[in-house]
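No lab work stands behind these numbers, since they all come straight from the coordinates. Just so we're clear, the structure is a prediction, and the values are computed from it rather than from any experiment. Using ideal geometry, Cβ is built from the backbone for each residue, glycine included, and neighbour counts are taken over all protein chains shown.
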Amino acid sequence: MALTATLVVLASGSGSNLQAILDACERGELDAVVSLVVVNRRSSFAAQRAAAQGIATHCAPLDPYRQRFDDRAAARAAYDADLAAEVAAFSPDLVVLAGWMHLFSMAFLGKFPNQVVNLHPALPGTFPGAHAIDEAWAEHESRGLAHTGVMVHLVPDEGVDDGPVIVAEEIPINSDDTRESLEARIRSVEHRVFPAAIAQLLES
Ligand code: GAR
C-alpha cells in the first residue's frame with residue numbers, strides 16, 4: 001500500500017498497545033495514522049491516550065443495547081451493526097483490536113473482510129479468551145508449562161482469538177518468573193510485535 005494507511009483502533013483496557021502503535025507511527029516505522037479510537041468501557045485509559053494526541057474517540061458501551069433487547073444475540077447484532085457503521089465512516093484500511101474485550105459477530109466482521117486484526121497474549125490455538133496470561137501461569141505452576149507467547153492474527157469470523165496468523169512469537173516462562181514479570185515480558189513483546197505485524201499486513 002503506497003499511501004499512508006488509516007487505522008481505527010478498538011481497545012477496552014489501558015491501551016498500552018494503542019500507545020505502541022501511535023509511537024511506531026510517530027517514529028515512521030508504521031506508515032499509518034490512527035483516525036479513531038473506540039473504547040467500550042468509560043474507564044478505559046486508551047481513550048485518554050487518544051485524546052492526549054488529538055485523536056477522535058468514541059465510547060461504545062454494550063449496556064444500552066442489552067437494555068433495549070431481551071435477546072442477547074439480537075443486542076449484540078444491533079450493537080455490532082451500529083459500531084460497524086461508525087467505524088466504516090472513517091474508511092479504515094485496517095480495524096485494529098488492541099485489547100478489545102468484546103466478541104464481534106458477523107454483523108461487524110462482515111463489513112471488514114480481511115481488515116480486522118487482533119492481538120492475543122498466547123500462541124495460536126492456546127488459551128483463547130480474556131484470561132490467557134492467567135491460564136498460562138496456572139499451567140506453568142501446575143504442570144510446568146515452559147513457554148507461552150503472543151500472536152497477531154486476522155479475524156475472519158466469530159472464532160475466539162483464532163484466524164490466519166500474521167506473526168506469532170514464543171516467550172519462555174523462566175523459573176524465577178512471577179505472574180507479574182511474565183505479564184510485563186509479554187506486554188513488551190506485544191509492543192514490538194504488534195506494530196511490526198500491522199506494517200507487514202499493510203505492505204502485503
Ligand atoms: C494485551 O495483552 C492483549 O494481547 C490482550 O489484552 C491486552 C491489552 O493490553 N488481548 C486479549 O487478551 C484478547 N483476547 P493494553 O490495554 O495494555 O494494550
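Brief remarks on what is shown
- Taking packing as the residue-averaged number of other Cβ atoms within 10 angstrom, the listed peptides 132-138, 163-169, 67-73 run from highest to lowest as 132-138, 163-169, 67-73.
- Approximate spin-label separation Glu29-Thr4, in nm, with each point projected 7 Å along Cα-to-Cβ: 1.9
- Using the average count of surrounding beta-carbon atoms within 10 Å as a protection proxy, the listed peptides 118-124, 181-187 rank, highest first, as 118-124, 181-187.
- Two-decimal log10 I(q)/I(0) for the stretch 86-204, as the Debye equation yields it once each C-alpha is a single scatterer, q = 0.10, 0.12 Å⁻¹: -0.32, -0.45
- Set the Cα radius of gyration of the stretch 1-48 against 2.2 N^0.38 Å, with N its number of residues, and you get 1.18.
- Spacing of the two label points (7 Å from each Cα toward its C-beta) at Thr126 and Ser175, in nm: 2.0
- Applied to the stretch 29-35, the Karplus parametrisation 6.51 cos²θ - 1.76 cosθ + 1.60 on θ = phi - 60° returns per-residue 3J(HN,Hα) values of 7, 10, 7, 7, 10, 8, 9 Hz, with x for Gly and Pro.
- Helical mean residue ellipticity (222 nm; -39500 (n - 2.57) per DSSP H run of 4+; nearest 500) of the chain: -12500 deg cm²/dmol
- Annotation for the stretch 157-197 versus the stretch 40-77: alpha-carbon center distance of 25 Å.
- Across all Cα atoms of the stretch 11-132, the radius of gyration (one decimal) and Dmax (whole number) stand at 14.7, 47 Å.
- With eigenvalues of the C-alpha gyration tensor scaled by 5 and rooted, the chain, Å: 27, 21, 16
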